[in-house]
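What follows draws every value from the coordinates through simple rules; no lab data is involved. All of these numbers come straight from a predicted model, not from anything done at the bench. When we count neighbours, we look across all protein chains shown, and the Cβ atoms used for this are built from the backbone with ideal geometry, even at glycine.
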């Protein structure tokens with residue numbers, strides 16, 4: 001499988017959507033609770049350890065980080081949400097910023113929502129799925145750290161989450177993923193290729209309708 005993401009590089013970090021790159025082309029956002037594994041997933045996707053910085057302290061990333069893939073295509077690392085040790089005002093600020101980005105960014109063509117396979121579909125995850133559904137955005141759930149569970153329990157969690165997505169975002173899809181073993185990387189690449197129009201059987205317009 002061709003991996004178009006090996007040449008991905010950091011573009012810029014923006015404190016909010018108003019300072020983001022021009023709203024053209026196509027981009028996919030990676031969202032999730034703090035410590036869900038967004039940075040690790042991006043590094044696994046690119047085949048590099050240092051594309052996105054990984055912090056041992058959850059809640060450190062407070063900017064929207066943009067990464068250039070190819071041409072006018074981008075991946076976006078959103079600030080993690082739901083970290084208990086930050087103040088309520090900071091949480092509300094992060095949530096408002098994420099919601100504003102999801103609702104107003106016209107080049108956004110999909111959201112990869114990461115959840116720890118051991119703690120899926122928490123209230124904040126459901127909220128993000130709701131935002132995506134209302135905004136008409138495709139969503140793909142990555143159940144991360146799947147290597148932490150045996151095959152049976154991991155499969156049971158996958159089926160349970162898939163069943164619950166129907167009432168939250170009927171078009172959302174879900175898969176197991178492990179940055180440690182790279183399990184699920186090709187499946188994720190297939191989804192991203194479709195959204196970012198690396199495949200030839202998609203419409204020419206790669207941005208969301210305004």
Once you place label points 7 Å from the Cα toward the Cβ at residue 18 and residue 190, how far apart are they in nm?
4.3 nm
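Calculate, in nm to one decimal, what residue 63 and residue 173 gain on full extension: separation in residues at 0.36 nm each, minus their alpha carbon distance.
On the way: separation 110, 0.36 × 110 = 39.60 nm, distance 2.67 nm.
Gain on stretching residue 63 to residue 173: 36.9 nm.
P(r) tail for region 90-185, what percent of Cα pairs lie past 19 Å?
Working: 1951 of 4560 pairs.
Roughly 43 percent, rounded to a whole number.
Report the calculated FRET efficiency for residue 123 and residue 1 (r = Cβ-Cβ distance, R0 = 30 Å), to the nearest 0.05. It would help to have the intermediate numbers written out before the result.
Details: r = 36 Å, r/R0 = 1.19.
FRET efficiency, residue 123 to residue 1: 0.25.
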Whole-number D in µm²/s for region 9-195 (Stokes-Einstein; Kirkwood sum over Cα pairs; 4 °C, 1.567 mPa s)
79 µm²/s
If you find the alpha carbon centre of region 1-20 and of region 107-126, how far apart are they in angstrom?
19 Å
So residue 99 and residue 159, fully extended at 0.36 nm per residue minus their Cα-Cα distance, gain in nm 18.8 nm
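Given region 9-195, what percent of its DSSP beta bridges are antiparallel, to the nearest 5? Provide the component values of the computation, followed by the final result.
Details: 10 of 32 bridges.
Here the share of antiparallel DSSP bridges comes out near 30 percent.
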